[in-house]
Amino acid sequence: MSLLLRNAQRAVPLRRAPLRRRMELVRGLLGVRKFDLGIICVDNKSIQHINRIYREKNVPTDVLSFPFHENLKAGEIPRPDFPEDYNLGDIFLGVEYIFQQCKENEDYYDILTVTATHGLCHLLGFTHSTEAAWQEMYQKEKQVLKELGQRTGARLQPLSRGLF
């Protein structure tokens, strides 16, 4: 199905095509190409507003995920009964925050890809609320990013490395 990639900010430059190409590959690697997915790129003010409302944290952040199918086990692919339920949910990328956090030697689009992949893993039931859950999510991200790197030549590391 479709990948909606929307740039709803003007704080930092964003070329959607590189991120779209990579996220289409990630969707294929995770086996979820038949599901709709929304990725919305926002500025610090917007991501902070969403973070305050949904997580009660009044700070900007890099990514927030809102699953269409709740209560999935880590890595579980939804099995919808109806065609309109072939939706994974939405990922909000705080692209201004991500841009500000990038180190000199890091590629902005690599970090966007890693962050969006992290958000997509959350839509598939992965969490990092415990060390065991983090380890499972980290391994999945590492596997997917390694395979993506083999196809694109990028050297990508999971977002959640060193969390525990």
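Can Val95 be described as touching a Gly at 6+ places or on another chain (Cβ under 9 Å) and closer than 21 Å to Leu156 by Cα? Spelling it out, it is not the case that Val95 is touching a Gly at 6+ places or on another chain (Cβ under 9 Å) and closer than 21 Å to Leu156 by Cα.
For the range 122-164, which residues satisfy the criterion of being in contact (Cβ under 8 Å) with a residue 40 or more places away in the chain and of a type in the set (A, V, I, L, M, F, W, C)? Passing the criteria: Leu123, Leu124, Phe126, Ala133, Met137, Val144, Leu148, Ala154, Leu156, Leu159.
Applying the criterion of at least 3 residues that are open to solvent by less than 30 Å² (accessible area, probe 1.4 Å) to the helices (runs of 4 or more DSSP H) found wholly in the range 23-123 leaves 44-55, 108-123.
For the range 126-164, the set of residues classified as in a loop (DSSP other than H, G, I, E, B), open to solvent by less than 20 Å² (accessible area, probe 1.4 Å), under 14 Å from Ala74 (Cβ atoms) and not hydrophobic (A, V, I, L, M, F, W, C) consists of Ser160 only. Among the residues of the range 23-41, the ones that are out of contact with any strand residue (DSSP E or B) (no Cβ under 9 Å at 6 or more places or on another chain) and free of Cβ contacts under 8 Å to residues at least 24 places away in the same chain come to 1 in all. Sub-7 Å Cβ pairs linking a first residue in the range 1-22 that is assigned to a loop (DSSP other than H, G, I, E, B) to a second residue that is open to solvent by 80 Å² or more (accessible area, probe 1.4 Å), at least 6 apart or interchain, are Met1/Lys34; Val12/Phe99, ordered by first then second residue. Filtering the range 110-132 to residues that are at pLDDT below 95 and more than 17 Å from Thr61 (Cβ to Cβ) leaves Thr130, Glu131, Ala132.
The values are calculated or read from the model by the stated rules, or taken from the named source; none is laboratory data. The model shown is predicted, which means the values in this text are computed figures rather than measured ones. In this analysis, Cβ positions are derived from the backbone assuming ideal geometry, glycine residues included, and neighbour counts consider all displayed protein chains. With ligands, DNA and RNA removed, areas are computed over all heavy atoms of the protein, side chains included. Shrake-Rupley method; radii C 1.70, N 1.55, O 1.52, S 1.80 Å.
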